[in-house]
Amino acid sequence: MLPGLEKFYEFLVLAALVGVLIRYTPVLPARWRVPVAVIAVLAVICYMPFTVGTFRTSQLTTITIWSIVAIGLNVLTGYNGQISLGHGAFVLIGAYTAAILTDSESQLGFFDGAQWPFWTAMIMSGLVAAVAGVAVGVPSLRLTGPYLAVATLSLMIALPSVLEKYDSVTGGAQGLHPRQPPVPGFLDGILERPEWFFFLAFVTAVIMAAIAWYVVRSRWGRAFVAIRDTEVAALAVGISVARYKVLAFTISAFFAGVAGSLVALASTGFVSPQTIGIVLSINYFTAIVIGGLGSIMGSIIGGFVVVLLPDLATDIGTALFGEQRGARLWPTIYGSILILVIIAMPYGVAGFLHRAAAVKPADIAGAISRTPRNALAYLADTRERLTWRWTERDGKRGDAP
Amino acid sequence: MNVLAVLPHLASYLLAPQPWDNLELFFDQSVAGIATGSIYGLVALGIVLIYRSTDVINFAQGELALFVTFCGWSMIEAGYPYLAMFALVILIAGGLGAFLERTVIRPVEGAPVLNVVIVTLGLFVIFNSLTAFIWAQGELPKSFPATPIGTELETFDFGILTLQQHRVAVIIISVIVAACLYLLFNRTKLGLAMRGTAQNRVAAQLMGINTGRMLMLGWALSAMVGAVGGMLVAPIIFLDLTTMLRVILFAFAAAVLGGLDSPPGAMIGGITIGITQNILSTFALGPVFFGPQLALPAALLVLVLVLLIRPTGLFGRHAVRRV
């Protein structure tokens, strides 16, 4: 469709365009726009695995898993205002739970030795991570802001060494090889393995997003937001701050745990203490801030951005500095893009879209018509601005603030 | 796993060397802990200086120090004397800190506070990859010279104590840096202006303080202190791309332990963590009870326990907010 653009990115642009057009143009009645836009975007993404090849399909799976973690983290950070840099720990816990449950040899005789079906293992992973979330959330009640951030980060730093220490359960540094679910019978011949893994992650993500959507609009969600905005006022209107803060941690850890089970079952097929590193754990946080805090769509966009941006940065790097140097300089470009995006869009991509949608055509026309005049005025002003600086330095305009 | 499995652990814990069995080793390890702890403290001090004025944890602190320390390595290679290199690196760090505050931190000042965190994370990635790009062609890790006071391998003999010369140098320099900062903040008008800016920006502005310049100066100071930490730690654990990553995690812990808005707390927190780490890895509790893998989690557990008792660190002020 577009010259010089890979098919994968073409489809992503198409999905974005379709979504934005349906959402923001007055073709449909207002109440139908959001659901139809969501369904249209999902339809485009569903079609993608069949055309973009194995590598891009598995990348889509990764993005989907990231989005689940980001949605969960956004419930905690975006809606409830608690910062966690250690969500990788819950993902790791979920991945290990799924790996142990689906592999009869590593079940330690806790259960009857039978392999769990993958979907029960996935739910169980979420529940185990949720229990861990309660265990972390209760002590976290005393901590706020950066103190909470460092405490959760230290959980993430500590967990891999703990996993290596108890190697009889976790397989130590060698890790575990979970039994990945085979393509089910009724889909045999329709889907290849990578496609099946993608749709497994995709369907899970849609369900989880729907749950999150419901939660943040429920009584719970309103309580979360009230606590984030003013804790004392929330207390005064009868919200049990402690209970809801722990609840937010639990829900958020549940999401991370389910995503972790997908890491084990649908992504790498291998779980070790190094599967989720400190950097990855901090990147989940980057994803939600870039995507937009307090927005489910923002979390999903954040997942796309953080997974695809390194690729894109490498492409830009090779275009600018040549093959070899570009491959080595990509993190510099990646970091620069992150900084530029956050400066240009203070409320994330979702916040930017939200504000862009409120702009009327007349505003744009007005801005364009004013631009030449403003530019001329700015140029004409230059001399006075410079002199003002110098007089200020001489102390002659001391009354200026 | 059952309860009885703990018994051998317990027995070996009781049989393992105790601090009072070998006092000399205990003191040696404590002083070595103070030395590494002062480095953590210096880097933590940089974090605290920025947090006090801008309410932001600077994740790029360690990588900034790494970058300028590698600059110092290049200067040594080019034949600069150590002291000239030391002074130049500190100057470069200060300039870099001020430049970053002016160019990338100030545009996000009015934005939500987490945005600044993302900017510092971006800076972390940028400086790490730039360092790798410029200096990773040659062999890594590179060795970095110790201060003229003494090398890493030779020792000073004080009778009861034999200390590595570089550790002594580290302690001396840390004390000098801390004293300079103390004098700057408490005995000069500039320091007063900086403290005023950190405490209440609007009020400081109304008193005629150029708060923007004070914030810029804060970033410069922070980068300079971090650079000193980087140059002191490089002779001990060599200069590699991950050198500062190992230091910065403990520096975060030190800053949080001492209280993020207390500069003396950062030094005390750093030294506490340094000593704890050394004693835990030498004596009974460490190797036997926790095992080598669990030394790090044990140190972090101590941090979390302290936070549970004092949620804003040992010396941090509890912020009271009017609604």
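Among the residues of region B:127-152, the ones that are under 30 Å from residue A:344 (Cα atoms) and without any contact (Cβ under 8 Å) to a residue 12 or more places away in the chain come to 2 in all. Every test in (1) modelled with pLDDT of 95 or more; (2) under 30 Å from residue A:5 (Cα atoms) is passed by residue A:323 save one, and that test is (1). Among the numbered conditions (1) touching a residue at least 12 places away in the same chain (Cβ under 8 Å); (2) within 14 Å of another protein chain (Cβ to nearest Cβ); (3) β-branched (Val, Ile, Thr), tell me where residue A:102 comes up short. Status for residue A:102: all satisfied but (2).
Kindly indicate which of B:151, B:162 is more than 24 Å from residue B:90 (Cα to Cα) and among the polar types (S, T, N, Q).
On the way: B:151 fails: more than 24 Å from residue B:90 (Cα to Cα).
Step by step, each of B:151, B:162 is checked, and only B:162 is more than 24 Å from residue B:90 (Cα to Cα) and among the polar types (S, T, N, Q).
Restricted to region B:72-112, and to residues that are without any contact (Cβ under 8 Å) to a residue 24 or more places away in the chain and touching a Leu at 6+ places or on another chain (Cβ under 8 Å), which residue is farthest from residue B:219 (Cα to Cα)? Among them, the one singled out is B:80.
Evaluation of residue A:37 against the conditions (1) in contact with a Lys or Arg (Cβ under 7 Å, 6 or more places away or on another chain); (2) under 28 Å from residue A:266 (Cβ atoms); (3) in contact (Cβ under 8 Å) with a residue 24 or more places away in the chain; (4) assigned to a helix (DSSP H, G or I) shows that the sole unmet condition is (3).
Yes/no matrix, rows are residues, columns are (1) under 15 Å from residue B:170 (Cβ atoms); (2) within 14 Å of chain A (Cβ to nearest Cβ); (3) in contact (Cβ under 8 Å) with a residue 60 or more places away in the chain:
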position	(1), (2), (3)
B:201	no, yes, no
B:204	no, yes, no
B:209	no, yes, no
B:217	no, no, yes
B:225	yes, no, yes
B:231	yes, no, yes
B:238	no, no, yes
B:245	no, yes, yes
B:251	yes, yes, yes
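Scanning region A:40-78 for residues that are surrounded by fewer than 17 Cβ atoms within 10 Å (Cβ to Cβ) and not in a helix (DSSP H, G or I) yields A:51, A:53. Selection over region A:120-177 of residues that are within 23 Å of residue A:228 (Cα to Cα) and not in a helix (DSSP H, G or I) gives a count of 4.
The values are calculated or read from the model by the stated rules, or taken from the named source; none is laboratory data. Computed from a predicted structure; not experimentally measured. FYI the Cβ positions are ideal-geometry reconstructions off the backbone, even for glycines, and counts take in every protein chain you see.
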